[in-house]
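Okay, structure first, notes after.
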Amino acid sequence: MATSIGSSSGPPSHLSPSLVLLQSPTCKPISQGAEARVFKTYLSPPLPTAAAGFNAASPPQVSPILLKHRFKKAYRHEILDTALTKARVAGEARALLKCLRSGVNVPSILMVDAQEGMLGLEWIDGHSVRQLLPGGEEEEDDDPVTADSGEDPLTPYCIDADTITQLIGAQLAKLHKADIVHGDLTTSNMMVRRGRAGTEVVLIDFGLSFTSTLVEDKAVDLYVLERAFASTHPDSEPMFAKVLESYGKGLGQKEWGVVNKRLDEVRLRGRKRSMVG
Amino acid sequence: MPGLLQMRCQLTVQDRPHLALGLEGSANKLGVGVIRHELDGSATVLSNVRHTYITPPGEGFQPRDTALHHRHWALNVINDSLRTAGVSVHALDCICYTKGPGMGAPLQSVALVARTISLLYDKPLIGVNHCIGHIEMGREITGAKNPIVLYVSGGNTQVIAYSRQCYRIFGETLDIAVGNCLDRFARVINLSNDPSPGYNIEQEAKRGKRLVTLPYATKGMDVSLSGILTSVEALAYDKRFRQDGKPKGPEDTDIITPADLCFSLQETVFAMLVEITERAMAHVGSKEVLIVGGVGCNERLQEMMGIMAKERNGQVFATDERFCIDNGIMIAQAGLLAFRCGITTPLAKSTCTQRYRTDQVEVLWRS
C-alpha cells in the first residue's frame, strides 16, 4: 500500500499530488455520496487512439480509476474534521486490504493519501444493487438503468433478484468471517458487475468499517442493512430474508445461530427505543 | 394486501373552512393552539399559546410535578388560546390531543382535559402522534415538499424520510435523545432552565474556544449519545475544569471552561446529526432538509445543516421557537389533517401511550 504523504514535492503547485489528479481534464465527477465526492479518472492521460503508432497493435487498455475525495466539511469544526477524515481514509484502506486478503469482493486499492482525504480505487463497472432491485431507482437519476423502454435492468447481468440477494448474503458472510464490520451496509453500497467468474456482487464504501469479533457488531451491521432495505425497497422482507438465508449458509450453522439470536435482540432494541419524553 | 392498493391522498375536499383545537402536553410544555384550514388548502394559525414548566437550575422536570403544572394551567391556557383566536368552542370541528410519545403523567392530564371538552361540547376527538405533529407543522410553515426530516428534541432524535404513506425512520439515537443529552449536561454545569437549558447551552457555547476531544459515535444511520454525555460530564470534574471560566493565575493556561465544554458538546453532537442527515439525503436522493423539534431552533445546528445542504445544492427548512418547541398548534394541524381523512378517535380508545413510533402512523393525507 503506497502512501503518498501530503507534502508538496511537485514544484509547480503547492497542491498535494493526489489533489492535482482531480484537476486533470479526464477527471469526471460521478456523484456526491454521503461524505465524499467520487470521481472517475485515468492515471495516465488517455491515449489518442486513432493517432500515431499505437493504432495497429491493440493499445494498452487504460482502465479508469475511481477517486474518492473526502473534501473538507465546512460544517464541522476543523480539528474534528481533520481527525475524522484522516482516521476514515486510513480505516477504509485498511479494511479494504483486509477484505482483499480474505477474498471478499471489494475494489482494489491503488492509492492512499490520508492527509488530503483521497483514496484511489479500482473502477467497478456495473450498477448498484439499489438500482437493480425493485423500487430503488432514484427519482433524479442521471443515468437511469431502467431505460424508458421498461426493460428489466437485470437482463444484462443474466441473473434475477433472488440470485443477487444470495450473492449479497455470501459476500457478507465472508466479510464477517474475516471479522470486518462494514458499518454502513445499504443497497447503494453494493455493486453488481460481470466478473471473470460470472456476475458478482462487490461491496464498496468502507468508510465506516472497523474490525470486530463481536457478535453484537455483526448483528448491528445486518440490522443497518435490513433497515436500508425496508426504507428503499418497499415490501422487501422476503428479499432480506433471502439475504440472511444465504448469509447463514456462508457463516456456518453454529455462528449463524448466535448472530441471528443477537439480530433479534437488536431489532427489539430499535423498537424499544421508541422514545421517552 | 395493503401493498397492492394504490397510495392515494385521502384528504376530502372541504366545503367550508375547518377549525381544530390542539392540546399538547407530552413534556414540560403545555401548549394550546387553534388552526383553520382554508378552502384554498392553506392553513391559518389563529392562536398558539404555551406555558412552560421551568425547574430550578440543576433539576430536571419530574413527571408528577409536570402533570401537576399542566392540570393547574390547562384552563387558563385554553381560554387564552380561544380568546386570542376569537373562536368559540362551539365553532370547532374537532379536539386534537397528543396521544404520545411522551411522559405518561403529563400526557394523561392533557388527554383528560381533551376528553372532557369533547364530551361537554360533543366534538370528535383525535389522538395525534407528537412526532407527526412536528413534521406536519414544519412542512406547513416552511412549505418544504418532500424533505428529509431531522427531528431533534428532548425526547427524540430521528432522521425521517417519507415513503408510501409512512414516515420511515432512517436513523435514530440508540440511547438518549440529543435534547436530553444537552439538558442533562446543563444540569451538570448548573445552567439555568429558563427559558430552556438548550438555549442557555447555545449562548454559552458561543463563548467557547477550545474544542476538547469527545467520542464521535455514529453507527451506520444511527447515533449514540449517552457515552458523549458521560465523557463531557467527566470533563466537568477534570482538574483542568474551571467552573467560573477564569484561570487561577497567569500560569494557569491549560484550562477548560464551561463554555468550552458547551461548545465542544454542540460541535461534536451536531456534526454527528448533520452527518446522518447527509447520509439519508444521499441515500434517498433528496435535496431538502427540514429540522423540527426543540433542538431544531438551535442556530448553530441550523447553520451547520445549511452549510451541508449548500455543499449538496440543497436547501434547509427550519422554523423558529414558536413552532420548533412543542406547541399545541402542531397537534391541531396533524389532527385536522387526519380528521379530514375521516380519522377520529372514539372515546373508548382515547388513551395515551409513552411509546408511539413515528412509523406507526398511517399518513393518509399524503399520496
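Just so it is clear, none of the values below were taken in a lab; they were calculated from the coordinates. It should be emphasised that the depicted structure is a prediction, and the values quoted were computed from it without experimental measurement. Glycine gets a Cβ as well: all are built from the backbone with ideal geometry, and neighbour counts include every protein chain shown.
Structural remarks
- In this structure the amide hydrogen of B:V223, modeled in the peptide plane, comes within under 5 Å of the amide hydrogens of B:E172, B:T173, B:L174, none closer than 5 places in sequence on its chain.
- Within chain B, the longest segment free of exposed loop sites, counting trypsin sites (Lys or Arg not before Pro) that fall outside DSSP classes H, G, I, E and B and have at most 16 other Cβ atoms within 10 Å, spans B:9-144.
- The mean of 1/r over all distinct Cα pairs in the protein assembly as shown, once inverted, gives the Kirkwood hydrodynamic radius of 26.8 Å.
- Estimated distance in nm for a label pair at A:T26 and A:D160, the labels positioned 7 Å out from Cα along Cα-to-Cβ: 4.2
- The label point for A:A178 and the one for B:A236, both projected 7 Å from the Cα toward the Cβ, are 4.4 nm apart.
- No Cys partner within the rule (Cβ under 4.7 Å), chain B: B:C9, B:C94, B:C96, B:C131, B:C166, B:C181, B:C262, B:C341, B:C352
- For the stretch B:78-200, averaging the sequence separation of C-alpha pairs within contact (under 8 Å, six or more residues apart) and dividing by the residue count gives a relative contact order of 15 percent.
- FRET efficiency, 1/(1 + (r/R0)^6) with R0 45 Å, evaluated for A:L110 and B:L120 via beta carbons: 0.05
- When the C-alpha to C-alpha distance is required to be over 24 Å, the pairs from B:K145/B:K310; A:K218/A:K249; A:K174/A:K242; A:K98/A:K218; A:K174/B:K287; A:K73/B:K287 that qualify are A:K174/B:K287.
- Long-range HN-HN contacts of B:S47 with modeled amide H, under 5 Å: B:V34
- Efficiency of FRET between B:T12 and B:R355 - r from beta-carbon atoms, R0 30 angstrom, step 0.05: 0.45
- Amide hydrogen neighbours beyond the local backbone of A:I65, cut-off 5 Å, H modeled: A:T41, A:Y42, A:L43
- Here the Karplus relation 6.51 cos²θ - 1.76 cosθ + 1.60, evaluated at θ = phi - 60°, turns the backbone of the stretch A:87-103 into coupling constants of 4, 6, 5, 4, x, 5, 4, 4, 5, 4, 4, 5, 4, 4, 5, 8, x Hz, with x for every Gly and Pro.
- Shown in residue order for the stretch B:58-70 are the 3J(HN,Hα) couplings computed by the Karplus curve 6.51 cos²θ - 1.76 cosθ + 1.60 at θ = phi - 60°: x, 10, x, 9, 8, x, 5, 5, 5, 4, 4, 4, 5 Hz (x for Gly and Pro).
- A:V258-B:N146 pseudo-label distance in nm [points 7 Å out on the Cα-to-Cβ vector]: 4.4
- Binning the alpha carbon pair distances of the stretch B:140-191 at 5 angstrom intervals from zero yields the distribution 5, 19, 20, 18, 15, 10, 7, 4, 1, 0, expressed in whole percent.
- Rh (Kirkwood; distinct C-alpha pairs) - the stretch B:145-321, Å: 16.6
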